[in-house]
Every structure is written in C-alpha cells, then in structure tokens.
Amino acid sequence: MFDPSDVVDHVRNGMLPAHIYNDSEIFAAERDAIFSRSWVFLAHESEIPQVGDYVVRRVMENSFIVSRAGDGAVHAMFNMCLHRGMQVCRAEQGNASHFRCPYHGWSYRNDGRIVGLPFHREAYGGETGFSKRGQRLLPAPAMDTVNGMIFVSLDPEAPPLREFLGDFAFYLDYYTRQSPSGVEVLGPQRWRVKANWKIGAENFAGDMYHTPQTHASVVEIGLFREPKAEKRKDGATYWATSGGGTTYKLPPGTLEERLRYVGYPDEMVERMKGAWSAEQLDLIGRDGFMVSAASVFPNLSLVHNWPKVADSDDVLPFVSLRQWQPISENETEVLSWFLVDKEAPEEFKALSYKAYLMCFGSSGMFEQDDVENWVSLTATAAGTMARRLLLNGRMGMLPDGSTIAPALGGDEWAGPGESRIGYGEYNQRHLMNRWADLIEAGPARTAAVTVGTPGEDAAR
Amino acid sequence: MPILKADAAACQGYASCVIAADDYFDIDDDGLVVLLSTEVPEADRERVDRAARACPAAALRLEGA
Ligand code: SF4
Ligand code: FES
Ligand SMILES: [Fe+2]
C-alpha cells in the first residue's frame, strides 16, 4: 500500500523523491487527493459566447459538458448518461439546444435536465418506476468563474474559488483583465507529451533559472530580447496564496514608457490604467516588474512574453493560458489557449497571435526546447535508480530554512504575497508543499448520487 | 396557415421533435409531447414540418403543409 509519508516529508524539506515524476501509485494518489479536491480550470466564457454553445473538457478522466443554456447561464455537467453511463456528448465543441445519448436515446436539455426518455410509461411504468422529474445530468459539484475563467471542483465542500485563488487574483488581472471587457480566447491547441504533468506546472511557476540555458538558441537567433542570463536574474518571483510566477525587471521609465517597452499601444495602456488598481499599476510603473510565466495550483499556467516580430526591433506582447492535463504518470495532454484583450485593436490581436504561435503552442520555439527536457526527465524517473535519488529542490534556501534573498518590502513590490529577486525554487516549493498537504490528506469523502428512485435517496 | 397536430397517445417520449424545434414542442412531466403553438407561420413551415417528420412514433402532423 502506498504510504504518503515516504514522500511528503522529503517534499516539505525541499527534497524531491525523483520517482514522483513517473510513478503509477503517486499518480493514483494524485487522482484521488489532488484532482478530486482542487479547483480546476475548464474553459473560458468567451469560448461559449452564444446560447447553446458548448465545449467538452475533462478533470482527469471526468468528462464535463460546459454549455451556455437558454437563459445565458453557464452549466458544467458530468458527461455521463443517467441511464447506463454512455457519454452523452461525443463532440469536442459545438452548438446544441439538447444532447441525445447515442445508446438508448435519452435526451437532455443543454442545462442538463432530462427531456426525452423513450417508452417511459411502458418501460418504467412512468414516474413511479423512474422519476424523471427534476432529474438532470450531474452538475459539477462546485463551479465558479473569475475574469470569465470557468473552474470546477469535484469537492462539493471546496472553499469558494475566490478564497482558493486568494491574492493570486491580483496577478491574474495582468493576464486576463487588461480592460474592463476582459479577454477573448482562441484555441485550445492540444497535444500530448510523454512527460509528467507536475514538471510543466513547476517550470511555469518559477523556473527563471532554466531560461538562459534551455532557451539559449531563441536568444541567439535574435527573436527574443529578454532571456539573457543577467536579465533573468534581475527579475523577481512571487507567490500569492494558490499561485505564483516570474517577472522581468524593466528598464527605468514611467508606467506608460514601460508598458510601451513591452509593446502595448497607447490605447491599450490607457485601458489598463482604467482597469487596474493603483497597486497593480505601481508594480509596473513604480517597481519596474512585468509578469511573465505563472502557475496556479494544481495544473494551470499562464505566460506573458514580448518577442520581436519581423525584422524590426519592435516587440509584441502576447498572453497564453495552458493546462497540464494528466493522462498518466508519464503522459500529459497540453491544452494551450491564446488570450487577448477584447478591446485591443484588430491589428494588435493579429500580431499578438503571431507572436504567441512563434513562441508557444505545439510548434512554438520555447515549447520545443522545454519538452525535450521534460520527456527525458520523466523517462529517467521511471527506473529503480530514481527511487533512491532525492533531487535537490532547495535553491534559494539555506540549511536552517532561511532564504538567500530577502523578501521584497512594500516599497519595492506593490503586490500581495511574498516576492524575491533572483534565482530560487521558492515557488516550486510552494506548489509542491500544497501538493504534499493534499497527498497527505488523502481522498475527499463524497456521497453517492442515486438517479430516479424516489424515496430511496434518503437511504443511500 | 398550416396547423400542427399531435397524438399524445402515440407519443413515445423520444423528444426528437423538441430537439428539432424547441419553440414548438416540449415534453410534459408525464413524458409526452406538448405543443407550444399549433399555428405555424409560413416562415417556420419547413423547419416545423421537418421536426414533425422526425418523430419515430409518427405522432405529429403538420396539416395544410
Ligand atoms: S418525437 Fe414523437 S414520440 Fe418523440 S416526443 Fe415528439 S411526439 Fe413524442
Ligand atoms: S445509456 Fe444513455 S440512454 Fe441508455
Ligand atoms: Fe521554458
């Protein structure tokens, strides 16, 4: 039997048992303890703008239909027919007022309510045999949105999404609320990599250290101005409640100059000034930091970069959102979306999309560099030697647990949470400590749900 | 104007009609078809006729269509 204390204590000490990156027992524990409790991103509201629009997404192997019903409300429902369990909707996305199960033809409205149940009277004796009144596809146990991002949790007792995100909401706005209208998304591109899901989440959370090495070729060919070794270490990493990320230090200048430096046109800068709080603006204008990669526990990441486009010296910023969808202990499906402010000029949207495709997405240059490392790491973690090795994940931490870099004060960092300049694996430790807490806590207790048997609900 | 008719006794509750035109058909708590409107303007004729023909139990008819 899997004993979590074997790994949890090491992880809390900043030491990572190498096999956690390729271990079927660990993966099973993650399914029960992490993905059955945490808030997990499913879709963005702009993917289903019209009544009847839907997308089908998963939390591990649990398929959900995320649809916009007739009244405009968003529903996330478990994509399993109440009759004998067939997947009700087999498409990935579309527009439908109803879903009909392909097996025996039960049909459901796009808010999940049962509509058609063939031969209800003959086959069940009507309502007495199967009470279909009020029956619906199982709604996600908890669903909530922030900045148009739809999250679900399989734990009905999950704390509210805002509480879970906590202070990370401050940073989320840089990516998903550059104007009061918020963002629209394109995608997702999906592809599979033979790598454990945690590696990408940790990397995006705080690995500024890999940039000069792994992505050296991108700098060499002159497509990216920033990730030179000396520049990257001037940036800060921050952690705030359930998420954290990396930043670049910008050259001296005013707020406007700095936003222009990363490529935002004046009209977008004006809207940012209207959309963000004084503190959110100060982090850029006063403190000179610009957000780059970030991760939210457990498997959602964001990225903001500003590569050079065409042959000029001009850079163009893009924002991307991605999910590390676990397939197995050694395989991950990556879902990658392009995000852009709804109010951005059309020309900006088009160029920003180009910048995104150049860097990230299935053919992006950063992607290729990263994935080679992660696949190789995962493969090596499967062996017996890896079972003996405790990886050192203590960068930035001294033996007594104190940190090399002091936390930035309120006069240096206007944002909430804890931030430090330079290389360190502070954020990876935050992410993995949260992981350890849940692995230790074990599976969430949940009640069974019965369908269509009036009077027996209480006896379950 | 074409008139829509339903034979509730023949209806088997497939909801094919509801899926095809939910502005004309619904299903009641007993699982049987209910017509939301029986008069079908020309503009909707083709669509509603198609919905009526979709009924596997032949319980629907659009008369004068
Ligand atoms: S399609 Fe026919 S059988 Fe099905 S609900 Fe409509 S009327 Fe009834
Ligand atoms: S399993 Fe869906 S109708 Fe039977
Ligand atoms: Fe990278």
(message) Suppose we filter the range B:10-50 for residues that are touching a residue at least 40 places away in the same chain (Cβ under 8 Å), out of contact with any Leu (no Cβ under 8 Å at 6 or more places or on another chain), within 14 Å of chain A (Cβ to nearest Cβ) and away from ligand 2 (no atom under 16 Å from the Cβ); how many remain?
(response) 1
(request) Considering each residue of the range A:100-121, count those that are within 13 Å of residue B:13 (Cβ to Cβ) and away from ligand 2 (no atom under 15 Å from the Cβ), and give that number. (result) 1
(request) State yes or no: is residue A:115 of a type in the set (Val, Ile, Thr), within 11 Å of another protein chain (Cβ to nearest Cβ), touching a strand residue (DSSP E or B) at 6+ places or on another chain (Cβ under 6 Å) and more than 16 Å from ligand 3 (Cβ to nearest atom)? (result) yes
(request) List every residue pair whose Cβ atoms sit under 7 Å apart, with the two residues 6 or more apart in sequence or on different chains, where the first one lies in the range B:51-63 and is more than 6 Å from ligand 1 (Cβ to nearest atom) and the second, anywhere, is among the basic types (Lys, Arg). (result) B:52/B:61; B:61/B:5; B:63/B:5
(request) Specify which of the listed residues (A:67, A:97) is of a type in the set (S, T, N, Q) and crowded, with 23+ Cβ neighbours inside 10 Å. (result) A:67
(message) Considering only residues that are in contact with a Gly (Cβ under 8 Å, 6 or more places away or on another chain) and either within 14 Å of residue A:154 (Cα to Cα) or in the same structural domain as residue A:139 (by TED's automatic domain parsing) (or both), which ones fall in the range A:1-51?
(response) A:32, A:33, A:44, A:45, A:46, A:51
(request) Please tell me if residue A:144 is within 14 Å of another protein chain (Cβ to nearest Cβ) and either at pLDDT 95 or above or in contact with a Leu (Cβ under 7 Å, 6 or more places away or on another chain) (or both). (result) no
(request) Could you pull out the residue among A:123, A:91, A:169 that is more than 30 Å from residue A:268 (Cα to Cα), of a type in the set (Gly, Ala, Ser) and more than 14 Å from chain B (Cβ to nearest Cβ)? (result) A:91
(request) From the list A:88, A:55, pick out the single residue that is touching a residue at least 12 places away in the same chain (Cβ under 8 Å), buried (at least 16 other Cβ atoms within 10 Å of the Cβ) and touching a Cys at 6+ places or on another chain (Cβ under 8 Å). (result) A:88
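The values are calculated or read from the model by the stated rules, or taken from the named source; none is laboratory data. These numbers come from a predicted model, not from an experiment. Heads up, the Cβs are rebuilt from the backbone with ideal geometry, glycines too, and the neighbour counts pull from every protein chain shown.
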